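Colleague: Here's a structure for you.
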Amino acid sequence: MFTNPEQFANATKALFEFQLETFNTLTARAVQGVEQVVALNMATAKSNMADSLATGKEISQAADPKAAMSLAAAKVQPGVAGATAYNQQLGAIIADIREEFTRAADAHMAEAKTNLSALIYDVTKNVRPGSENAVQIVKAAIDNAFTGYEQVTKATKQAVQSVEEQIAKANALVEQKAAEAAKAAGAAASASNG
């Protein structure tokens, strides 16, 4: 495929430019993901602050302790729903980022393999007698580099999957504890009414 050093240089340059473009795209997406998480955190903090102030005001204006307990118990479930919604939105942001990184990594890997295979073929087809061992060493090094890259990609995918699983577990735990708290608050309100 490459019949002269200029073609080799152009192929190498194209591969480097593709790597740079992929890196820039992924960096931009990572920054966008961080911005989304920060915006989600800010919106959640504002909402929680407003809800807490409103609840505090309502409880302080309650006619008696029973009414205050009932009000507090009634506010537990909306808080749980908010935590659940937050976890779902955070999970969606992480899943989008993971999908885009995976797609970009797979495309980059395919392009790199194609270019390097063509390069290796061109270099090895005109090997001088006695240079076969050197060519085999270069081929083995490139194969090892690709194997290492694939292992890193696989480990990254597993790490992201683990984070998503932890978010799901945290979400389930929040829902469980909130249900228990709502039940306890309801029982306390019933006991204070009785």
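Colleague: Scan the stretch 18-33 residue by residue and report those that are of a type outside the set (K, R) and under 17 Å from A92 (Cα atoms).
Modeller: Narrowing the stretch 18-33 to residues of a type outside the set (K, R): 18-28, 30-33.
Within the stretch 18-33, A30, V31, Q32, G33 qualify.
Colleague: If the requirement is being at pLDDT 85 or above and either touching a strand residue (DSSP E or B) at 6+ places or on another chain (Cβ under 8 Å) or open to solvent by 80 Å² or more (accessible area, probe 1.4 Å) (or both), which of these qualifies: M69, M42?
Modeller: On the way: M69 fails: at pLDDT 85 or above.
Every option except M42 fails the conditions.
Yes or no, residue by residue, for (1) among the small types (G, A, S); (2) in a helix (DSSP H, G or I); (3) closer than 29 Å to K139 by Cα:
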{"position": "E6", "(1), (2), (3)": "no, yes, yes"}
{"position": "K13", "(1), (2), (3)": "no, yes, yes"}
{"position": "A54", "(1), (2), (3)": "yes, yes, no"}
{"position": "I59", "(1), (2), (3)": "no, yes, no"}
{"position": "A63", "(1), (2), (3)": "yes, no, no"}
{"position": "A118", "(1), (2), (3)": "yes, yes, yes"}
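Colleague: Suppose we filter the stretch 51-66 for residues that are within 38 Å of the chain's Cα centre (by Cα), open to solvent by 80 Å² or more (accessible area, probe 1.4 Å) and aliphatic (A, V, I, L, M); how many remain?
Modeller: Step one: filter the stretch 51-66 for residues within 38 Å of the chain's Cα centre (by Cα), giving 51-56.
Adding the requirement that they be open to solvent by 80 Å² or more (accessible area, probe 1.4 Å) leaves 51, 53.
Next cut, aliphatic (A, V, I, L, M) only: 53.
Looking only at that region, the number is 1.
Colleague: Would you check which residues across the stretch 24-34 are among the hydroxyl-bearing types (S, T, Y) and surrounded by 12 or more Cβ atoms within 10 Å (Cβ to Cβ) and list them?
Modeller: Of all residues in the stretch 24-34, those among the hydroxyl-bearing types (S, T, Y) come to 25, 27.
The answer is T25, and nothing else.
Colleague: I'd like the residue in the stretch 83-103 that is free of Cβ contacts under 8 Å to residues at least 60 places away in the same chain, open to solvent by 40 Å² or more (accessible area, probe 1.4 Å) and not hydrophobic (A, V, I, L, M, F, W, C) and, out of all such residues, is farthest from M49 (Cα to Cα).
Modeller: Checking each candidate, the answer is R103.
Colleague: Being surrounded by 14 or more Cβ atoms within 10 Å (Cβ to Cβ) and at pLDDT 85 or above narrows it down to one residue among V76, V37; which is it? Full working, then the answer.
Modeller: Values: V76 fails: at pLDDT 85 or above.
Just a single option satisfies the conditions, and that option is V37.
The values are calculated or read from the model by the stated rules, or taken from the named source; none is laboratory data. As the structure is a prediction and not an experimental result, all values here were calculated from the model. A quick note on method: Cβ atoms are made from the backbone with ideal geometry, for glycine too, and the neighbour counts reach across all protein chains shown. The area values use the complete protein model at the heavy-atom level, side chains included, leaving out ligands, DNA and RNA. Shrake-Rupley method; radii C 1.70, N 1.55, O 1.52, S 1.80 Å.
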